[in-house]
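Accompanying notes for the structure given below.
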Amino acid sequence: MEQSTSYSKPDHTPQPVMTTSVIQFDALKSPASSQPTETRWQVEDIMALFALPFNDLLFQAHSVHRQHFDPNAVQVSTLLSIKTGGCSEDCGYCPQAARYHTEVENEPLMALDEVLAAAKAAKDSGASRFCMGAAWRGPKQKDLEPVLKMISEVKAMGLQTCATLGMLKDGQAEQLKAAGLDFYNHNLDTAPEFYGDVITTRTYQDRLDTLDRVRSVAINVCSGGIIGMGESRAQRAGLLAQLANMEQPPESVPINLLTQVEGTPLHGTDPLDPLEFVRTIAAARITMPNSFVRLSAGRQSMGDAVQALCFMAGANSIFYGEKLLTTGNPEVEADQALFTKLGLTKI
Ligand code: SF4
């Protein structure tokens with residue numbers, strides 16, 4: 001269903017209210033922005049979604065989901081860390097930052113044949129998209145060239161391609177596009193107001209600039225954030241507002257639950273109530289009705305029941321495979337069993 005070549009601009013028409021707890025979507029058409037007024041989501045309006053009775057929120061999100069997607073089909077991506085650890089950035093959740101003492105071992109850029117073998121295995125186990133992640137602040141030209149080769153060869157295998165390589169400089173998005181890249185992942189991570197509590201080595205604007213570069217060459221945008229880092233509900237809503245208010249919201253919106261890794265500054269953060277995570281998925285679905293909402297990191301700690309609620313709330317994409325960059329991910333067999341139990345099919 002999700003085709004980078006056939007993507008059309010989303011319809012931002014506010015969705016009909018389908019609950020007894022009426023959210024007045026007319027209130028969303030607020031002024032004071034360069035964005036078209038109908039695309040504006042105010043943080044307080046998203047907060048009002050969060051505040052709905054749980055059943056009303058889920059019913060509304062699921063109704064929006066059914067209007068835009070097959071509710072029983074889930075897109076499946078596999079993520080491979082092609083260069084691990086030793087990163088100069090200070091993202092407070094990340095075990096790959098060189099400055100934190102974690103168990104992650106640095107590994108140089110993988111060889112092309114190893115990447116292609118992993119891509120084939122991913123395809124054989126049902127993945128439709130293969131994401132390649134490198135722990136860099138941004139790629140140097142000498143690093144980018146072998147990655148371009150990986151992208152073109154993975155694409156030639158019939159997989160959609162995605163890369164997450166850090167910040168892009170002028171001209172790099174063009175090279176990625178020419179190599180056949182379908183998606184570029186670059187998360188906003190959190191709301192602007194909380195961002196400085198998590199990362200200091202790059203700014204929020206740096207992230208938006210990279211997303212602009214990706215968008216300007218018509219590579220599909222994959223951008224979301226991490227929930228459970230100690231942010232407030234208003235800041236969760238603020239992240240969704242940033243994403244939903246983009247002139248063209250991301251085609252893919254990964255919503256990660258913080259995986260706490262010993263040695264990182266965010267280790268020891270109070271765990272988030274799983275139902276608040278489900279509410280975040282639901283609010284993402286309502287505010288970005290045409291985007292694939294991806295249940296990403298943190299699935300291992302959720303169990304089947306919370307994941308099922310997330311699918312009900314509008315999540316329709318997952319990462320599949322045993323490892324998610326450097327942290328664990330439910331094993332392939334467990335995912336297959338869950339899909340069977342829930343009657344889900346893979347896109
Ligand atoms: S999240 Fe990415 S940029 Fe941040 S420290 Fe980890 S690898 Fe580096």
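Just so you know, all these numbers are worked out from the coordinates, no wet-lab data involved. Here the structure is a predicted model, which is why all the values come from computation and not from measurement. Ideal geometry is used to build each Cβ from the backbone, glycine not excepted, and the neighbour counts take in all protein chains shown.
A compact globular protein would have a Cα radius of gyration near 2.2 N^0.38 Å; the ratio found for the chain is 0.93. Using Cβ-Cβ distances only, list the Cys residues of the chain with no partner cysteine under 4.7 Å, sorted by number. When partners are defined as cysteine Cβ atoms under 4.7 Å apart, the chain leaves CYS87, CYS222, CYS310 without one. Ordered by the count of other Cβ atoms within 10 Å of each Cβ, fewest first, TRP136, TRP41 give TRP136, TRP41.
Highest mean packing first, where packing is the average number of other Cβ atoms within 10 Å per residue, the peptides 244-255, 304-315, 103-114, 280-291 line up as 280-291, 244-255, 304-315, 103-114.
Using +1 on the beta carbon of Lys and Arg, -1 on that of Asp and Glu, and nothing else charged, what's the dipole of the chain about the Cα centre, debye to 20?
Dipole about the Cα centre, nearest 20: 600 debye.
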